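To keep things clear, I will list the structure first and then write my remarks on it.
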Amino acid sequence: MWELLRDFVHDDDAERLRHAFPQLSRSQLTAAVMYYARYPEEIRREVEANAALTSEVLEHRYPGLVRVVRTG
């Protein structure tokens, strides 16, 4: 659900969500959008917090657990 709401928070386009998540039924998509409508600030905070978790932040926060390999 978080992936779906992450996308919905940015553009509020329910039709695009139907195309992006064809494996979900209309009722599942509606339930997710209704959840967002009820708790928009909580969802936005979580989406922003997840977006801030870059590979560098994770590597710093969890040394030894996460190792970022850079190529090129």
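From the backbone phi of the range 31-41, what are the Karplus-calculated ³J(HN,Hα) couplings (6.51 cos²θ - 1.76 cosθ + 1.60, θ = phi - 60°) in whole Hz, Gly and Pro given as x?
4, 5, 5, 5, 4, 4, 4, 7, 10, x, 5
How large is the accessible surface per residue of the chain, computed with a 1.4 Å probe and reported in Å² as a whole number? Each step should come with its number before you reach the end.
Details: 5610 Å² over 72 residues.
It amounts to 78 Å² per residue over the chain.
If you count only protein heavy atoms and use a 1.4 Å probe, how large is the accessible surface of residue 33, to the nearest 10 Å²?
Residue 33 has an accessible surface of roughly 40 Å² with all protein chains in place.
Over the range 23-72, what percent of the accessible surface lies on carbon and sulfur atoms, probe 1.4 Å? Intermediate values should be presented prior to the final figure.
Details: 2260 of 4150 Å².
Looking at the range 23-72 in its full context, I get 54 percent from C and S.
What does the extension gain come out to for residue 49 and residue 9, with contour length at 0.36 nm per residue minus their alpha carbon separation? Write down the numbers at each step before the final one.
Details: separation 40, 0.36 × 40 = 14.40 nm, distance 1.32 nm.
Stretched out fully, the residue 49 to residue 9 stretch lengthens by 13.1 nm.
Can you divide the C-alpha Rg of the chain by 2.2 N^0.38 Å and report the result to two decimal places?
On the way: Rg = 15.7 Å, N = 72, 2.2 N^0.38 = 11.2 Å.
Relative to the rule-of-thumb radius for its length, the chain sits at 1.40.
What ranking do 2-8, 20-26 get when scored by the average of other Cβ atoms within 10 Å per residue, highest first? Provide the component values of the computation, followed by the final result.
Details: 2-8: 15.9, 20-26: 11.3.
Highest-to-lowest ranking by the protection proxy: 2-8, 20-26.
The values are calculated or read from the model by the stated rules, or taken from the named source; none is laboratory data. Given the structure is predicted, the values throughout are model-derived calculations rather than measurements. Quick reminder, even Gly has a Cβ in these numbers, built from the backbone with ideal geometry, and neighbours come from all protein chains shown. In case anyone asks, the SASA skips ligands and DNA or RNA and just uses the protein heavy atoms, side chains included. Shrake-Rupley method; radii C 1.70, N 1.55, O 1.52, S 1.80 Å.
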